[in-house]
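Worksheet for the structure shown next.
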Amino acid sequence: MKLYTKPGACSTAVHIDLAWTGETYELEVLGAEAMKAPAFRALNPAGSVPVLVDGDFVLTQNAAIVGYIADRFPQAGLAGDGSARQRAEATRWLSFVNSDLHPAFKPLFGPGNYIEDPAQHDAVKAAARKRVRALFETADRQLQGHEWLAGFRSFADPYLYVTVRWAGRVGVDLSGLDALAAFQARMDADAGVQRALQAEGLA
């Protein structure tokens with residue numbers, strides 16, 4: 001099994017999931033130019049990460065990949081205890097991060113994709129920061145009384161963690177979100193998280 005990742009991208013969440021399985025895997029860390037190369041485009045014509053290759057099976061899209069990893073290595077408990085209810089709860093919060101929180105960052109990373117006038121970019125970013133903050137408030141409420149987003153450690157947690165790291169880079173105010181801060185501290189202290197970050201040059 002081989003994962004293609006870019007340092008600090010959403011693919012880092014998949015990398016952490018793999019580290020949490022305790023299984024052996026290959027890793028290829030890509031830069032922007034390598035993601036445009038024909039060899040990589042043959043795997044994923046969109047030129048984006050993550051890409052997971054397992055034998056002759058090539059899989060793209062973060063949510064699909066982490067679900068596949070959870071099913072391939074059920075002993076890791078990435079989708080809960082094997083019950084339909086816990087898998088649904090883990091998937092609910094994975095979907096929250098993947099469908100709500102992650103897209104809310106896009107105007108911060110590329111305001112020009114939303115409005116052409118550069119004079120308006122700061123306003124677009126300011127609005128995006130408010131939206132992202134509100135979504136983190138939802139995560140903070142969910143984490144109150146819980147160590148993990150789904151109530152148990154799951155494939156939703158690395159994805160949330162990656163977005164928290166993004167928040168620090170783009171000036172999203174997370175002050176007062178104490179449960180979220182405690183979650184980040186737990187992830188920072190996790191050995192599997194640190195292995196993944198070190199392998200991507202992020203530690």
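The values are calculated or read from the model by the stated rules, or taken from the named source; none is laboratory data. Model, not experiment: these values are computed from the prediction. Cβ placement follows ideal geometry from the backbone for every residue including glycine, while neighbour counts extend to all protein chains displayed. Side chains included, ligands, DNA and RNA excluded: accessible areas come from the protein's heavy atoms. Shrake-Rupley method; radii C 1.70, N 1.55, O 1.52, S 1.80 Å.
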Worksheet item: What does the charge add up to near residue 96, with Lys and Arg as +1, Asp and Glu as -1, over the other residues with Cβ less than 13 Å from its Cβ?
Response: -3
Practice prompt. With runs of 4+ DSSP H residues as the only contributors, calculate the mean residue ellipticity of the chain at 222 nm using -39,500 (n - 2.57) per run, divided by the residue total and rounded to the nearest 500.
Written response: -15500 deg cm²/dmol
Worksheet item: Which ³J(HN,Hα) values in Hz, rounded to whole numbers, follow from the phi angles of segment 110-122 under the Karplus curve 6.51 cos²θ - 1.76 cosθ + 1.60, where θ = phi - 60° and Gly and Pro get x?
Response: x, x, x, 6, 10, 8, 6, 5, x, 5, 9, 5, 5
Worksheet item: Hey, what did segment 1-88 get for relative contact order, percent, Cα under 8 Å, at least 6 apart?
Response: 30 percent
Worksheet entry | Max mean-square fluctuation residue, GNM over the chain, Cα-Cα springs under 10 Å, options 170, 49, 66 | 170
Discussion item. Please compute the per residue accessible area over the chain with all protein chains in place, 1.4 Å probe, rounded to a whole number of Å².
Written reply: 47 Å²
Discussion item. Can you give the local net charge around residue 183? Use residues other than it whose beta-carbon is closer than 14 angstrom to its beta-carbon, Lys and Arg +1, Asp and Glu -1.
Written reply: -3
Fill in: lysines with Cα under 17 Å of residue 36, excluding same-chain neighbours fewer than 8 positions away
6
Discussion item. Give me the percent of accessible area attributable to carbon and sulfur for segment 75-203, probe 1.4 angstrom.
Written reply: 48 percent
Worksheet item: Relative contact order for the chain: what is it in percent, counting Cα pairs under 8 Å that are at least 6 residues apart?
Response: 25 percent
Practice prompt. For the chain, set up a Gaussian network in which alpha carbons nearer than 10 Å are linked by springs, and say which option among 37, 88, 134 fluctuates the most.
Written response: 37
Discussion item. As a test of reading the structure, rank 33, 28 by solvent-accessible area (1.4 Å probe, protein chains only), most first.
Written reply: 33, 28
